[in-house]
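Report on the structure given below.
The values are calculated or read from the model by the stated rules, or taken from the named source; none is laboratory data. Quick caveat: nothing in here was measured; it's all calculated off a predicted structure. Cβ: placed from backbone, ideal geometry, glycine included. Neighbour counts: every protein chain shown. For accessibility, only protein heavy atoms count, side chains too; no ligands or nucleic acids. Shrake-Rupley method; radii C 1.70, N 1.55, O 1.52, S 1.80 Å.
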Amino acid sequence: MTPESALTFFLAIFIFGITPGPGVFAILARAMMDGSRACFMLSLGMAISDIIYLIAACLGLATIATHWGELFSVIRIVGAIYLFYLGWKMWTAPVDVDTVPTKLDKKGHRLSFLQGFLISASNPKVILFYIAFLPTFMDLSTLQGNDILLASGLTLIGLMLGLMLIAGFASRARRLLTSQKAIRRLNRSAGSLMVGAGAFLLSRSN
């Protein structure tokens, strides 16, 4: 991968990361509820799942998307149900204008990472994106380990940068709200976004 293609690859990954989808919806909802810091492990889980797909695409495992269709369907349904549950919790969350962002413990960070991983892993079309995407930037017939490592690093940085920027903007928007009515609307909007993310996952069955 040349420096020029690496830069182009990074920009493309960044744009891919901020494209509306279940992951972005989940980041928006979490940031509006708990602040941008609570989104780090969620974003990391999504990025790691994408990197696994990226590596699989690099190694020519395109058959995963077709031969593991049933497994992807199960993951998608489980992930969607969990998002519906989180959306309901946000919709019914108590209204308190003095509430500070939730500080996650180690267990909370692990669950947040797992949630992010499932959100990304539940969409098998991600690997199809990388399969179609990678030949533009590298010759897969002469692929070497350092190419995969570089692509993985650029993907991690690009996705994390994009997702955390979204989290920062959403968190800042929450701090501007000072009334109970505004907070209630925000909680319900966040819950609706999370439910929307779950519905989006279920809709990606074809």
| query | So which residues in the range 174-206 are modelled with pLDDT under 75, in contact with a Leu (Cβ under 8 Å, 6 or more places away or on another chain) and aliphatic (A, V, I, L, M)? | reply | LEU177, ILE183, LEU186, ALA190, LEU193, MET194, ALA197, LEU201
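Of all residues being modelled with pLDDT under 75 and within 19 Å of TYR130 (Cα to Cα) in the range 141-173, which is surrounded by the most Cβ atoms within 10 Å (Cβ to Cβ)? Just the residue, please.
Among residues in the range 141-173 that are modelled with pLDDT under 75 and within 19 Å of TYR130 (Cα to Cα), the one surrounded by the most Cβ atoms within 10 Å (Cβ to Cβ) is LEU143.
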| Within the range 1-36, considering residues that are open to solvent by 40 Å² or more (accessible area, probe 1.4 Å), assigned to a loop (DSSP other than H, G, I, E, B) and within 26 Å of ILE148 (Cβ to Cβ), the one modelled with the highest pLDDT | THR2
